[in-house]
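Quick notes on the structure that follows.
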Amino acid sequence: MTRQLELERPRLLTDVVGERIREAIVTGDLKLGEQVSEAQLAALMGVSKTPVREALVRLQSQGLVQIHPQRGTFVFRLTPEEVDQLCRFRALVETEALREAMAANRAGLLKGMKQCVKEMKAAEAARDLPALARIDMAFHWQFFEHCPSPYVRAGYEVLRSQLTALRHRSPIDNAVKSHQVLVDAVGDGDVEAAGALLREHVLDNEPRYRAACGGV
């Protein structure tokens, strides 16, 4: 049967609105801790308040907004203690994903990591900070892409949205160098060294994430 007869499913307005707001939070158009108005967002996007309200509820489940009855809706912002918890949980789940990915498909993992570093070099040379943040996320997603455990991937989804937003607000200075050492360890097949380097790499981000959230 010809594929010409297939109909493309229309996208729900709530999905489109949610993506727009999410992008505004991640890229910094909406500031951490900023109060957002359903009415203002609806007017800016030319929609009613209903899809905006529904989108904000979804974004709350992703940790990107906080909805307080009688007070309003605010873009998330983490305390120094929450940043510490996020980084430690991230180190835990990423190192486990890396271990499982190296055991299950080290060749595929290594190929993906190398491609990301190649793209990082171009973005770093162009001083394209948004691209660096995006590629950084793609690099670390390689661990989960090649990890056979859906439970480990689900653990990462808990923090993925907040982490993406923090990365865009705290670009790393030595992106290529700090990721190349991980590629080298995976290439050597040294699971323990790769895990230790990854944990150190993740925890080194904590001061930058604190600063991004307005902490010390």
Test: residue 65 is farther than 26 Å from residue 146 by Cα and either β-branched (Val, Ile, Thr) or in contact with a Ser or Thr (Cβ under 6 Å, 6 or more places away or on another chain) (or both): yes
Filter result (in contact with a Leu (Cβ under 6 Å, 6 or more places away or on another chain) and within 19 Å of residue 29 (Cβ to Cβ)) within segment 59-91: 65, 73, 75, 76, 77
Matching entry among 73, 95 (being part of a helix (DSSP H, G or I) and touching a residue at least 24 places away in the same chain (Cβ under 8 Å)): 95
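What number of residues in segment 51-74 are among the small types (Gly, Ala, Ser) and on the phi > 0 side of the Ramachandran plot? Break it down stepwise before answering.
First pass over segment 51-74, keeping only residues among the small types (Gly, Ala, Ser): 55, 61, 63, 72.
Narrowing the set further to residues that are on the phi > 0 side of the Ramachandran plot leaves 63, 72.
Of the residues in segment 51-74, 2 are among the small types (Gly, Ala, Ser) and on the phi > 0 side of the Ramachandran plot.
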Flag for residue 35 being without any contact (Cβ under 8 Å) to a residue 60 or more places away in the chain, closer than 23 Å to residue 165 by Cβ and open to solvent by 50 Å² or more (accessible area, probe 1.4 Å): yes
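Matching residues to (1) modelled with pLDDT of 95 or more; (2) buried (at least 17 other Cβ atoms within 10 Å of the Cβ):
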position	(1), (2)
47	no, yes
56	yes, yes
59	yes, yes
76	yes, yes
81	yes, no
88	yes, no
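Within segment 167-183, count every residue that is within 21 Å of residue 126 (Cα to Cα) and either polar (S, T, N, Q) or in contact (Cβ under 8 Å) with a residue 60 or more places away in the chain (or both). Write out each step before concluding.
Residues of segment 167-183 that are within 21 Å of residue 126 (Cα to Cα), as a first pass: 167-180.
Next, from what is left, pick out any that are either polar (S, T, N, Q) or in contact (Cβ under 8 Å) with a residue 60 or more places away in the chain (or both): 168-170, 174, 178-180.
Adding up the residues that qualify gives 7.
The values are calculated or read from the model by the stated rules, or taken from the named source; none is laboratory data. Everything numeric in this text was worked out from a predicted model, so none of it was measured. All Cβ positions, glycine included, derive from the backbone under ideal geometry; neighbour counts span all protein chains shown. SASA here: full protein model, heavy atoms, side chains in, ligands and nucleic acids out. Shrake-Rupley method; radii C 1.70, N 1.55, O 1.52, S 1.80 Å.
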